[in-house]
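One structure is given below, encoded as structure tokens.
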Amino acid sequence: MATLKAWFFKALSDKNRIIILEALTKNGWMSVGDISKMTQIEQSTVSHHLGFLRNSGLVKTRKKGKQNFYALNGETAEKLLFLSENHVRSMAEKVISEQA
């Protein structure tokens, strides 16, 4: 089980994957091209990271014609992003207050 958990958290350990998840949180279903434009990440890089996110269960896909669209897979990813943002903000405030 620890290996599966490590794989899951590895999906969240890359800056580009976090940016992609945040874009999907804000916009819902998006194509690779749309994600690339919004995030300024190359399409090939977006595709690579979406595969990783899909394999970790954080992103789902649907096909429309020849194009794939991606969205968060349930509430788990959104909750994780919310919790991580709150945690990071709290830690940053702590560090700033300790330096003052």
Which of the residues spanning segment 2-57 are without any contact (Cβ under 8 Å) to a residue 24 or more places away in the chain and at positive phi?
Gln40
Can you name every one of the helices (runs of 4 or more DSSP H) wholly within segment 1-40 that holds 2 or more residues which are more than 12 Å from the chain's Cα centre (by Cα)?
2-11, 32-39
Could you grab me the full set of residues in segment 13-34 that are out of contact with any Phe, Trp or Tyr (no Cβ under 7 Å at 6 or more places or on another chain), surrounded by 14 or more Cβ atoms within 10 Å (Cβ to Cβ) and of a type in the set (S, T, N, Q)?
Asn16, Thr25
Tally, over segment 12-34, of residues that are modelled with pLDDT under 95 and among the hydroxyl-bearing types (Ser, Thr, Tyr):
2
For the list (1) in contact (Cβ under 8 Å) with a residue 60 or more places away in the chain; (2) over 12 Å from the mean Cα position of the chain (by Cα), I need the number of the one condition that Leu80 fails.
(2)
Scanning segment 49-92 residue by residue, the ones that are assigned to a helix (DSSP H, G or I), surrounded by 14 or more Cβ atoms within 10 Å (Cβ to Cβ) and not basic (Lys, Arg) total 8
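The values are calculated or read from the model by the stated rules, or taken from the named source; none is laboratory data. This is a predicted model, so every value here is computed, not measured. Cβ: placed from backbone, ideal geometry, glycine included. Neighbour counts: every protein chain shown.
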